[in-house]
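The values are calculated or read from the model by the stated rules, or taken from the named source; none is laboratory data. This structure is a prediction, so every number in the text was calculated from the model and none was measured. Reconstructed Cβ throughout: ideal geometry from the backbone, glycine too, with neighbour counts over all protein chains shown.
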């Protein structure tokens, strides 16, 4: 099946400008334009876009997606497994950091309810002072 960029966008759920961006990054090929005609994309382009979307949904960056795409010939499963294991370790580390943040926030919210009548809110004071806030453990999440 042949697609225009608009129909490719609809069938994959990837915006046209995102498709063009992926082309500039070399993640998907750009079909040649026939003289006086419109570029036609094929099912391989749609599969590649779905692959990129699924990889991103699992937390892979576009640079990591490019690495995975370079390994997709099936002969580099060990390297692909290493990339997957690295991503899994990063996800687990982030979950640990998020649990620490959850515990700190739960404690601070609980303190807010137990200090009635005081002028200073424990949550706001803690954020100003940095106490009970696991900033170091948040890594790239601190924004």
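Scoring residue 83 on the criteria (1) touching a helix residue (DSSP H, G or I) at 6+ places or on another chain (Cβ under 9 Å); (2) surrounded by fewer than 12 Cβ atoms within 10 Å (Cβ to Cβ); (3) at negative phi leaves a single failure, condition (2).
If you check 119, 133, 109 for being outside any helix (DSSP H, G or I), surrounded by 11 or more Cβ atoms within 10 Å (Cβ to Cβ) and modelled with pLDDT under 90, only one passes: 133.
Residues in the stretch 57-95 that are closer than 18 Å to residue 12 by Cβ and part of a loop (DSSP other than H, G, I, E, B): 3 in all. Of all residues in the stretch 1-56, exactly one satisfies the criterion of being in contact with a strand residue (DSSP E or B) (Cβ under 6 Å, 6 or more places away or on another chain) and part of a helix (DSSP H, G or I), namely 8.
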